[in-house]
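**Q** One structure coming up, written as structure tokens, with questions to follow.
The values are calculated or read from the model by the stated rules, or taken from the named source; none is laboratory data. In this text, all values refer to a predicted model and were calculated from it rather than measured experimentally. Positions of Cβ are generated from backbone atoms using ideal geometry, with glycine treated the same way; all protein chains shown enter the neighbour counts.
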Amino acid sequence: MTKEGIHVALLGLGTVGAGVYKLTQRQKGEMLQKLNTMLHIDAILVRNIEKHKDEVDDPKVLTTSFDRILEDPKIDIVVELMGGIEPAFTYIRSALEAGKSVVTANKDLIADRGGELLQIAEENHVELRFEAAVAGGIPIISPLKNSLAANEIRRIMGIVNGTTNYILTKMTTEGMDYEDALAEATALGYAEADPTADVEGYDAGRKIAILATIAFHSRVTFRDVYTEGITRITSKDISYAKTLGRVIKLIALACNTPEGIEVKVHPMLIPEDHPLASVSGSYNAVYVDGDAVGDVMFYGKGAGEMPTASAVMGDVFSVARRIAGHTQGATRDNVYRSIPVKRAENTRSCYFIRMEVEDRPGVLATIASIFGNNSVSIEQVIQKNKIDNNAELVIITSNVKERHIKDALLILESSSVVHQVATMIRVY
Ligand code: NAP
Ligand code: HSE
């Protein structure tokens with residue numbers, strides 16, 4: 001055991017910070033056996049001490065001064081759980097430069113400036129770990145970097161946002177309204193401080209950028225990811241999906257193709273018997289396809305206080321063991337390729353298109369010819385409902401280029417026989 005134990009500072013005591021604090025207390029009994037040292041939380045940075053003083057055993061650990069943490073030579077590990085880009089970036093950079101290792105759950109920051117921070121960690125011979133930044137409690141970053149390191153990763157596909165999966169599950173299984181389901185997900189601590197990041201697919205976009213960078217050894221940032229959220233999905237789409245034997249899920253996808261990296265987040269109709277279809281509520285799942293291992297799937301709770309704290313604490317334990325064993329080394333970025341990212345319009349998929357059209361003879365032929373003229377062939381047509389004097393039409397296309405479907409939809413939207421193209425969802 002090290003003489004002093006390992007000293008930790010938390011930045012933030014919200015959903016995840018409180019979980020990390022509780023888990024540290026819960027683990028005290030066996031910490032010595034597990035780590036060969038003890039962890040001490042010496043400081044917790046908050047904005048308002050009064051608000052948090054009943055959440056900790058000793059309110060003296062609470063501080064509003066990051067400098068108190070930075071300037072304390074005893075602090076070995078800084079755990080950043082505030083979220084956002086600033087001041088998180090400045091605090092993490094300063095901690096690394098001061099020779100302190102850092103653990104964070106901040107995907108916004110890692111997806112945007114992770115490369116820069118890893119470089120600073122390497123230069124200062126300290127560690128920067130971020131397992132909790134992707135898919136909450138599921139171990140996925142460490143398996144990609146370690147257990148699967150000898151594979152050429154070809155594809156990653158998954159559900160990596162707990163909030164949207166919770167909303168879609170509630171809308172599908174209980175007929176709940178979108179707004180009510182979002183309010184529940186927020187109350188349960190799954191949503192981001194601004195839930196726009198969840199429902200517009202940005203949070204999943206940041207996570208798939210992080211995974212793609214690690215898996216393909218080539219820098220992929222959030223700006224490279226095509227994102228589409230769930231805000232336009234209605235109970236009607238969910239009901240049509242059911243008719244087609246499918247469920248709607250927000251899917252994050254990264255493929256390393258000969259033409260470049262394809263990286264996207266969007267809703268998708270998944271067959272009911274596909275393993276991702278049964279991933280419900282706040283659960284996440286990530287499929288990884290490697291050339292040696294084949295398909296592996298990681299499954300578990302993707303958000304929430306204790307699942308996320310589990311991932312954070314796994315990183316803290318790893319760093320603590322290395323400090324205690326005097327084997328602490330720098331974290332390497334391992335980005336050594338420069339693969340271009342494919343434009344979304346050059347990717348392919350089948351599409352579900354729901355539209356309101358004129359209800360008169362010849363309309364279907366007009367629509368079919370617009371699709372045909374744009375190299376889009378139709379697999380299936382469903383005409384079920386009437387809306388006033390209009391017909392509701394659902395078309396499923398064959399596997400086509402995104403550019404062709406977008407061209408066809410532009411022409412359809414300006415055509416006199418189409419009143420509205422209500423939804424376009426990709427089909428697995
Ligand atoms: P949260 O509940 O909003 O907590 C944030 C905490 O940070 C609060 O205690 C807040 O203080 C503190 N804070 C924010 N800005 C600060 C500043 N400038 N100075 C001092 N303290 C500051 O957020 P969370 O859900 O725990 O998420 C934390 C991080 O984990 C985010 O990066 C998030 O994306 C990530 N994450 C969350 C989950 C999840 O399920 N919630 C899962 C995986 C990853 P006050 O309490 O005083 O406002
Ligand atoms: N808001 C995120 C989610 C938290 O819902 O998945 C976990 O990263």
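**Q** Of the conditions (1) more than 16 Å from ligand 1 (Cβ to nearest atom); (2) without any contact (Cβ under 8 Å) to a residue 24 or more places away in the chain, Ala183 satisfies every one except a single condition; which number is it?
**A** Of the numbered conditions (1) more than 16 Å from ligand 1 (Cβ to nearest atom); (2) without any contact (Cβ under 8 Å) to a residue 24 or more places away in the chain, the odd one out for Ala183 is (1).
**Q** Would you point out which residue out of Leu96, Leu11 is within 8 Å of ligand 1 (Cβ to nearest atom), closer than 22 Å to Ala133 by Cα and not acidic (Asp, Glu)?
**A** None of the others qualify; the one that does is Leu11.
**Q** Oh, and also: Can you say whether Thr231 is free of Cβ contacts under 8 Å to residues at least 60 places away in the same chain, outside any helix (DSSP H, G or I) and of a type in the set (Ser, Thr, Tyr), as far as the supplied structure shows?
**A** Yes.
**Q** On to the next question. Mind counting the residues in segment 267-299 that are in contact with a Gly (Cβ under 7 Å, 6 or more places away or on another chain), within 25 Å of Glu192 (Cα to Cα) and more than 12 Å from ligand 1 (Cβ to nearest atom)?
**A** Counting residues in segment 267-299 that are in contact with a Gly (Cβ under 7 Å, 6 or more places away or on another chain), within 25 Å of Glu192 (Cα to Cα) and more than 12 Å from ligand 1 (Cβ to nearest atom) gives 4.
**Q** From the list Ile405, Ile395, exactly one residue is among the aliphatic types (A, V, I, L, M), within 19 Å of Arg360 (Cα to Cα) and in contact (Cβ under 8 Å) with a residue 12 or more places away in the chain. Which is it?
**A** Answer to the selection: Ile395.
**Q** Something else about it: Starting from residues that are closer than 22 Å to Met157 by Cα and not basic (Lys, Arg), keep the ones in segment 300-318 and report whichever is farthest from ligand 1 (Cβ to nearest atom).
**A** Taking the candidates together, the pick is Gly300.
**Q** Restricting attention to segment 136-170, report how many residues are in a helix (DSSP H, G or I), hydrophobic (A, V, I, L, M, F, W, C) and either over 20 Å from Thr227 (Cβ atoms) or in contact with a Lys or Arg (Cβ under 9 Å, 6 or more places away or on another chain) (or both).
**A** 3
**Q** Does Met171 meet the test of being over 19 Å from the mean Cα position of the chain (by Cα) and either at pLDDT 95 or above or under 23 Å from Tyr287 (Cα atoms) (or both)?
**A** So Met171 passes the test.
Residues checked against (1) surrounded by fewer than 16 Cβ atoms within 10 Å (Cβ to Cβ); (2) closer than 20 Å to Val279 by Cα; (3) away from ligand 1 (no atom under 15 Å from the Cβ):
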residue: Leu128; (1), (2), (3): no, no, no
residue: Ile140; (1), (2), (3): no, yes, no
residue: Leu148; (1), (2), (3): no, no, yes
residue: Ile159; (1), (2), (3): no, yes, no
residue: Leu188; (1), (2), (3): no, yes, no
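**Q** For segment 250-308, give me each residue that is without any contact (Cβ under 8 Å) to a residue 60 or more places away in the chain and assigned to a strand (DSSP E or B).
**A** Matches in segment 250-308: Gly294, Asp295, Met297.
**Q** As an exercise: evaluate Lys242 against (1) part of a helix (DSSP H, G or I); (2) within 16 Å of ligand 1 (Cβ to nearest atom); (3) over 22 Å from Gly314 (Cα atoms) and give the number of the one condition it does not meet.
**A** All conditions are met except number (2).
**Q** Sticking with this one: Does Pro73 count as free of Cβ contacts under 8 Å to residues at least 24 places away in the same chain, more than 16 Å from ligand 2 (Cβ to nearest atom) and farther than 19 Å from Gly329 by Cα?
**A** So Pro73 fails the test.
**Q** Going through Val126, Val225 one at a time, which residue ends up being touching a Ser or Thr at 6+ places or on another chain (Cβ under 7 Å) and away from ligand 2 (no atom under 12 Å from the Cβ)?
**A** The conditions single out Val126.
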